[in-house]
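Novice: Please read through the structure below; I'll follow up with questions.
The values are calculated or read from the model by the stated rules, or taken from the named source; none is laboratory data. Because the structure is a prediction, the values reported are computed rather than measured. Counting neighbours? That spans all protein chains shown, and the Cβs are built from the backbone with ideal geometry, glycine included.
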Amino acid sequence: MARAPRPPLLARALLRLLLPGSVHDAFAGDLEERFARDHDTDPRAARRGYWRDVLSPSVLRLRREVKGMPLPPGTPPAAAARGDGFMTALLADLKFAVRMLLKAPAFTAVAVLSLALGIGPNTAIFSIVDAALLQDWGVDEPEGLVDMYSLTDDGRYFYTYYRVYELIDEGAAEVFTGVAASAQQAGTIETGASEAPELVMGELVTGNYFEVLGVRPQRGRGFLPEEDATPGTHPVVVISDRFWRTRLGSDPDAVGRDLRLNGRPYTVVGVAPPEFKGRVAPGLGTDFWAPIRMYPHLAPNQMSNGNLFFMGRLRDGVTTERARAVLDAVATRFNDERDSRSELEIGAVNLSEIRMHPNFDGTLGAMTAVLFGAVGLVLLVACVNLASFLLARATDRRKEMAVRISMGAGRGAIVRQLLVESLVLAALGGAVGLALGMAASRLLLGIDPPVDLPLAIEVGLNARLLLFTAGASLLAALVFGLTPALQATRTPVAATLRDESGSAGGRSKGRARGVLVAAQMALSTVLLFGAALFLRNLQAALAIDTGFDTGPAAVVTLEPWASEMTDAERTVFANDLMQAVGALPSVQEFGVTSRMPLDLGNTNTSFEIPGVEPPPDADRHVIEYAAVSPGYFGTMDIGVVEGRGFTDADLEPGVDGTVAILTRAAAERWWPGESAVGRVMYRGADPERAVTVVGVVDDARIWSLDEPPRAYMYLPLPQNGFGRYVLVARGTEAPLAMAAAIRDEARRLRPDVLVSEAGTMDDHLAYIYFVPRMAAGLITVVGLLALALACIGLYGMVRYTVAQRTREVGIRMALGADRNEVVGLVVRGGLTVVAVGGVAGIAVALGLGTVLERFLVGVERLDPWALLAAPAALFALSAVAAWLPARRVSRVDPVVALRSE
């Protein structure tokens with residue numbers, strides 16, 4: 001076998017003298033490989049080239065650098081000589097990483113801030129989700145509790161009747177040690193004689209409620225058996241820890257103190273523990289618990305209106321499946337008692353499987369997933385951004401890495417040291433991101449919801465939040481640090497040590513940076529598409545015809561039920577109030593209703609309609625209704641399409657019975673193609689409770705913006721009211737001024753009446769538009785944040801690229817290239833990357849629309865405006881980000897550029 005050609009002996013000896021052993025071995029091996037390759041074509045040229053490499057200035061400079069360079073961390077021979085272990089080497093890596101980051105403060109600041117902007121939104125969303133949904137219920141052994149509901153045909157869970165509770169308590173003792181019932185109940189509480197009543201949220205509960213849940217009051221006691229025995233005889237109350245702290249000032253003598261609940265005295269018998277917030281819903285605070293037997297005062301129809309839900313404590317060894325089988329037997333017994341065409345089915349869900357409510361957990365989980373997906377993409381953009389920066393930094397440090405390798409540092413040691421730098425950056429970014437996230441979460445919770453609900457969401461540092469932020473930071477460190485670290489270990493040692501221009505490895509890493517920036521652009525396009533889609537969704541929601549006038553108006557809500565007024569006194573109060581409001585000079589038209597369209601809550605009643613069969617699974621027709629005054633339809637601009645509206649004569653029941661007005665959808669459902677006016681219906685199938693239809697009005701949106709026309713009924717107020725009056729007024733003054741005047745008139749007539757709202761029509765509609773506005777705002781902020789990070793990444797890539805090509809730019813300009821041509825060349829290079837990323841992002845966005853479709857109202861999932869707006873915004877801002885460094889390099893003097901290294 002022929003021996004491979006060797007370089008000249010004298011040249012090899014000289015190279016050995018110039019360079020130390022480990023550096024010489026790596027450097028000489030590469031030179032000999034090139035000599036052997038060139039020798040086959042031109043031996044003489046190969047020898048000349050070898051001498052030229054040995055005597056080149058780079059070898060002399062390398063000799064000086066190696067002799068004066070301190071031993072870098074991660075060098076195995078040195079570590080082995082000291083006998084240090086892994087932790088010592090890791091500590092050395094840590095010190096070196098801190099030193100290197102302090103030497104580049106601008107890079108460190110940008111890297112930490114970029115990462116913090118990625119981690120901050122994730123921390124903010126997680127802190128709110130954790131406080132609202134991931135906290136435990138504050139009960140003992142939640143896996144042993146089962147919630148029971150009335151189950152509908154479509155699998156939805158609803159509240160049910162007190163009689164069902166009695167049957168479960170009697171017939172399910174073999175599976176439950178105890179069964180409790182509760183009902184959500186609003187009320188007013190006064191703690192002092194001069195204090196104005198305040199609306200709070202509470203629960204009416206059976207006497208064994210706290211016992212079944214395993215909740216032990218921190219002060220006082222729960223309810224005694226006799227307090228749940230007879231109606232209206234034991235006015236006692238247990239208050240929440242929050243109410244005790246905020247309203248009673250943590251009074252140690254709170255137990256035994258008297259409060260006024262709905263205007264009547266109640267005695268505090270206990271204070272709930274801090275971790276127990278009630279069973280209304282996570283994130284909503286319950287301020288009081290009262291015996292359910294106090295319903296005659298607090299909720300007269302509570303025991304018969306089917307507004308209760310139950311919870312049972314399973315016996316040891318009993319599964320939820322077995323409990324369901326027993327509940328099926330209870331439902332059969334209830335159905336036999338009623339002898340009704342509609343049959344009850346009882347649904348049971350283990351408490352450990354519930355986050356808020358079985359009906360809403362799916363939607364809530366989907367919304368949470370969308371939010372986390374959005375902020376997760378921002379974190380990914382930040383990680384890709386930093387990976388691009390670190391690749392550029394690795395290119396600048398390639399000679400340092402080559403020297404380390406030549407001096408014996410292993411690949412693992414270098415990767416470890418670079419990952420330690422990434423971990424330091426991640427720790428700093430995580431700390432700043434945690435601070436930003438906590439501030440953002442408090443800012444979000446500071447937004448007042450349009451519905452007056454007692455929110456009990458308290459964000460704060462806890463083990464879960466710290467673990468989440470640490471995990472996100474660690475993941476980010478691995479994502480943005482691993483690729484540059486592995487790239488650094490592939491540095492061609494000899495070529496890098498010999499390189500004069502500083503370009504060794506630059507092209508491959510430049511391509512890698514281009515790929516990373518394209519990925520940023522793709523992710524940003526996805527988020528911008530989501531933002532544009534939700535903005536279009538908000539625009540479409542605001543443009544939907546609600547069926548009533550949403551223009552300026554005063555809206556005042558009164559809650560007479562929360563006072564000591566009797567039913568007769570409420571009727572007198574309503575009539576007096578309408579006369580007083582009608583006499584106000586600023587009011588031109590007004591109306592009163594028991595429920596505004598697009599409001600929370602509903603009221604329904606059952607009818608027998610001669611000649612019209614009820615649904616197959618029901619005994620009678622059930623329809624939702626609102627009680628309204630004669631001026632309501634005119635004030636709301638709801639047109640009468642047949643018959644008439646209400647008149648003053650309808651305010652009192654006549655000898656021929658009451659009257660009703662139907663919506664167009666209700667009339668077409670029951671008498672399609674025929675006139676509904678003059679038809680008679682029997683309320684509750686009672687012939688003595690006849691209701692005559694006197695008019696048909698246009699449909700209005702009752703529950704939601706995207707609902708189809710709903711069958712609805714209007715009855716005359718006040719005899720059909722249920723203790724809640726909403727006044728809508730339009731006139732010559734500003735709506736808020738009119739609302740204040742109406743409020744003052746109401747309090748003049750009855751000082752004890754609760755005014756729960758005195759605002760405008762915009763305030764009322766804020767509830768229905770709250771979710772679209774919040775979704776559009778949050779996703780837009782997240783999308784713009786991702787866009788800003790992506791543009792920073794593009795700016796950094798273009799700026800680094802033009803810095804590497806400064807000599808090329810100088811040559812082009814020296815040869816006559818125009819400055820605009822240079823700018824165009826650089827900008828085109830950057831926008832090419834943007835175009836590639838934008839196309840990839842649109843492809844992903846097309847699939848994203850299917851995921852977001854369930855949250856959209858009045859807009860298609862592939863809305864063309866959203867598909868155009870996202871890449872347009874990306875391209876426009878990216879053009880600016882690429883133009884700034886291009887413009888700067890085009891102004892460099894060609895002579896200076898030609899001298900650049």
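Novice: Among the residues of the stretch 271-287, is there at least one that is under 16 Å from Gly192 (Cβ atoms) and in a strand (DSSP E or B)?
Specialist: There is no residue in the stretch 271-287 that is under 16 Å from Gly192 (Cβ atoms) and in a strand (DSSP E or B).
Novice: What is the number of the single condition among (1) within 18 Å of Ala746 (Cβ to Cβ); (2) of a type outside the set (Lys, Arg); (3) at pLDDT below 85 that Thr603 does not meet?
Specialist: (1)
Novice: Still on this structure, I have one more. Mind telling me which of the residues Glu198, Glu174, Glu170 ends up being out of contact with any helix residue (DSSP H, G or I) (no Cβ under 9 Å at 6 or more places or on another chain) and over 24 Å from Leu364 (Cα atoms)? Talk me through it step by step, then tell me what you get.
Specialist: Details: Glu174 fails: out of contact with any helix residue (DSSP H, G or I) (no Cβ under 9 Å at 6 or more places or on another chain); Glu170 fails: out of contact with any helix residue (DSSP H, G or I) (no Cβ under 9 Å at 6 or more places or on another chain).
None of the other options fit; the residue is Glu198.
Novice: Another question, if that's okay. Does Val381 satisfy the condition of being out of contact with any Leu (no Cβ under 6 Å at 6 or more places or on another chain) and closer than 30 Å to Leu516 by Cβ?
Specialist: no
Novice: Would you pick out the residues in the stretch 734-744 that are buried (at least 18 other Cβ atoms within 10 Å of the Cβ) and either in contact with a Ser or Thr (Cβ under 6 Å, 6 or more places away or on another chain) or not aliphatic (A, V, I, L, M) (or both)?
Specialist: Let us first name the residues in the stretch 734-744 that are buried (at least 18 other Cβ atoms within 10 Å of the Cβ), namely 735, 738-739, 741-743.
Listed by number, the residues that qualify are Pro735, Met738, Arg743.
Novice: Inside the stretch 671-714, can you point out the residues that are among the hydrophobic types (A, V, I, L, M, F, W, C), outside any loop (DSSP other than H, G, I, E, B) and touching a Leu at 6+ places or on another chain (Cβ under 8 Å)?
Specialist: Across the stretch 671-714, the qualifying residues are Val691, Val693, Val696, Val697, Met713.
Novice: Now, a different point. Inspect all residues belonging to the stretch 143-160 and state whether any of them is within 28 Å of the chain's Cα centre (by Cα), part of a helix (DSSP H, G or I) and either at pLDDT below 80 or within 20 Å of Arg464 (Cα to Cα) (or both).
Specialist: no
Novice: Pick out the one residue from Val677, Val659 that is surrounded by 14 or more Cβ atoms within 10 Å (Cβ to Cβ), closer than 26 Å to Asn575 by Cα and hydrophobic (A, V, I, L, M, F, W, C).
Specialist: Values: Val677 fails: closer than 26 Å to Asn575 by Cα.
Being surrounded by 14 or more Cβ atoms within 10 Å (Cβ to Cβ), closer than 26 Å to Asn575 by Cα and hydrophobic (A, V, I, L, M, F, W, C) holds for just one of Val677, Val659, which is Val659.
Novice: Being buried (at least 21 other Cβ atoms within 10 Å of the Cβ) and either outside the structural domain of Leu314 (by TED's automatic domain parsing) or among the hydroxyl-bearing types (Ser, Thr, Tyr) (or both) narrows it down to one of Thr267, Thr230, Thr188, Thr286, so name that one.
Specialist: Just a single option satisfies the conditions, and that option is Thr286.
Novice: Just to check your reading of the model, which residue among Ala131, Ala97 is modelled with pLDDT under 80, under 30 Å from Leu445 (Cβ atoms) and in contact with a Leu (Cβ under 9 Å, 6 or more places away or on another chain)?
Specialist: Ala131
Novice: Shifting gears a bit: Can you name every residue in the stretch 748-768 that is surrounded by fewer than 17 Cβ atoms within 10 Å (Cβ to Cβ) and closer than 24 Å to Ala366 by Cβ?
Specialist: If the condition is that a residue be surrounded by fewer than 17 Cβ atoms within 10 Å (Cβ to Cβ) and closer than 24 Å to Ala366 by Cβ, then Ala766, Tyr767 are the ones that fit.
Novice: Residues of the stretch 95-142 being farther than 30 Å from Pro217 by Cβ and polar (S, T, N, Q), which ones? Full working, then the answer.
Specialist: Of all residues in the stretch 95-142, those farther than 30 Å from Pro217 by Cβ come to 95-126.
Residues satisfying the conditions are Thr108, Ser114, Asn122, Thr123.
Novice: Of all the residues that make up the stretch 556-568, how many are assigned to a helix (DSSP H, G or I) and closer than 19 Å to Thr188 by Cα? Spell out the reasoning first.
Specialist: Quick first cut of the stretch 556-568, residues assigned to a helix (DSSP H, G or I) only: 560-562, 567-568.
Subsequent filtering for residues that are closer than 19 Å to Thr188 by Cα retains 560-562, 567.
The number of residues fulfilling the criteria is 4.
Novice: So, one more: Limited to the stretch 836-861, what total is found for residues that are crowded, with 17+ Cβ neighbours inside 10 Å, among the aliphatic types (A, V, I, L, M) and under 18 Å from Ala786 (Cβ atoms)?
Specialist: Adding up the residues that qualify gives 6.
Novice: Which residues, counting only those in the stretch 235-253, are assigned to a loop (DSSP other than H, G, I, E, B) and farther than 20 Å from Arg264 by Cβ?
Specialist: Gly249, Ser250, Asp251, Pro252, Asp253
Novice: Here is a further query. Need pairs with beta-carbon distance below 9 Å; first residue assigned by TED's automatic domain parsing to the domain that holds Arg743 and farther than 15 Å from Arg743 by Cβ and within the stretch 569-589, second among the basic types (Lys, Arg) and at pLDDT 90 or above; sequence gap 6+ or separate chains.
Specialist: Gln588/Arg730; Glu589/Arg730
Novice: Separate question: As an exercise: evaluate Arg536 against (1) touching an Asp or Glu at 6+ places or on another chain (Cβ under 9 Å); (2) of a type in the set (D, E, K, R); (3) not in a helix (DSSP H, G or I) and give the number of the one condition it does not meet.
Specialist: (3)
Novice: Looking only at the stretch 680-697, filter to residues that are buried (at least 17 other Cβ atoms within 10 Å of the Cβ) and either touching a Cys at 6+ places or on another chain (Cβ under 9 Å) or not hydroxyl-bearing (Ser, Thr, Tyr) (or both); which one of those is nearest to Ile544 (Cα to Cα)?
Specialist: Checked the stretch 680-697; the qualifying residue nearest to Ile544 (Cα to Cα) is Val697.
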